[in-house]
Amino acid sequence: MLNKVKILKGYKLNCSDGEIGKVKEFYFDDHNWTIRYLVADTGNWLVGRQVLISPYALDGVNNEDQYIIINLTKNQIENSPSLDSDKPVSRQYEKDYYTYYGWPVYWGGPTIWGTCGISPIIESGQSQEKLMELTQDDKGWDAHLRSTHEVSGYTIQGTDGEIGHVEDFIIDHETLEIRYLVIATRNWWPGKKILLSPKWIESVSWNESKVFVNLLRETIKQSPEYTEESLITRDYESKLHQYYNQQGYWIDEQNLNKHSH
């Protein structure tokens, strides 16, 4: 299932012993474009701290009543490694955080969730200690965490000029990958929005707040339109990928699953 970041923003966060606040934004890594933390707005609780919740702690999303279930207690969150609200998330902090919760780190293996395959779920048969050992060598990539709030508004630069800006992100519930950027092109074609996959991005200039794609503006203009009412069905996704002559991510993942079994 796919969900928009702006819709999830403001959802309540329900721990096993009560509500802790609301969703403020998300941090994703700029290597795999995968959500690594949900940032909580805890109101008057834990003031001055960034409260980060890893997808390992997520137990479900209730879209009807707008809340996310967290399988942690308030006490666990309060005693987790503290991070000042004005500080960036360092790799050292992440190591302390993952050690505290006993979860395998996501950067220690070949897949988007390290040694855990393509989904941030620890299977009941897996030994957490063994997974932690597997990831202690710290090999892998040194990705930087980016905020969905910060990247909203980035300009999209085609090969022949600017084409719009990032308005939202569409996340896959199962893997927590950002499947699409929602691009508003209102400066060129009022009201039209389109979707672009992070896999089709050529590069990002984080300093200039620009996303570069190797596509002509006219090509982007003619792509299947996305509206707020659009249901992102597999049929719609297939048409979108075919238009850009790209293979669907679901085919890649089917192949990955075949090889992993």
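Every number here is computed from the coordinates shown, using simple stated rules; none is lab data. The shown structure was predicted, so the numbers you read here are calculated from the model rather than taken from an experiment. FYI the Cβ positions are ideal-geometry reconstructions off the backbone, even for glycines, and counts take in every protein chain you see.
By average Cβ neighbour count within 10 Å, what is the ranking of 149-160, 227-238 from highest down?
149-160, 227-238
Rank by packing, highest mean first: peptides 98-107, 39-48, with packing defined as the count of other Cβ atoms within 10 Å averaged across residues.
So the order, starting with the most tightly packed, is 98-107, 39-48.
Which whole-Hz couplings ³J(HN,Hα) result when phi for each residue of the range 209-222 is put into the Karplus expression 6.51 cos²θ - 1.76 cosθ + 1.60, θ = phi - 60°, listed in order with x for Gly and Pro?
Result, rounded to whole Hz: 6, 10, 10, 9, 10, 8, 9, 6, 4, 5, 4, 5, 4, 7.
If amide hydrogens are placed 1.01 Å from N in the peptide plane, which non-local residues have theirs closer than 5 Å to the one on residue 169?
HN-HN under 5 Å from residue 169: 5, 6, 182.
Using a Förster radius of 30 Å, what is the FRET efficiency between residue 225 and residue 159 based on their Cβ-Cβ separation? Nearest 0.05, please.
0.90
Sticking with the crude label model, points 7 Å out along Cα→Cβ, report the distance from residue 205 to residue 149 in nm, one decimal please.
2.6
For the range 1-41 and the range 72-118, compute the distance between their C-alpha centroids and round to whole Å.
Centre-to-centre (Cα) distance: 15 Å.
Given a Förster radius of 30 Å and the C-beta distance between residue 31 and residue 61 as r, what FRET efficiency does 1/(1 + (r/R0)^6) yield to the nearest 0.05?
0.75
Step through the table entries 22/221; 6/239; 12/199, compare each Cα-Cα distance with 28 Å, and write down the pairs that go over it.
In this structure, 22/221; 12/199 exceed 28 Å between Cα atoms.
Loop-only check: which trypsin sites (Lys or Arg not before Pro) in the range 1-54 are DSSP coil with at most 11 other Cβ within 10 angstrom?
In loop regions of the range 1-54 (DSSP not H, G, I, E or B), there are no sparsely surrounded trypsin sites (Lys or Arg not before Pro).
Return the sequence-ordered ³J(HN,Hα) values of the range 13-22 in whole Hz as given by the Karplus equation 6.51 cos²θ - 1.76 cosθ + 1.60 applied to θ = phi - 60°, using x for Gly and Pro.
Residue by residue, the range 13-22 yields 10, 9, 7, 5, 10, x, 7, 10, x, 9 Hz.
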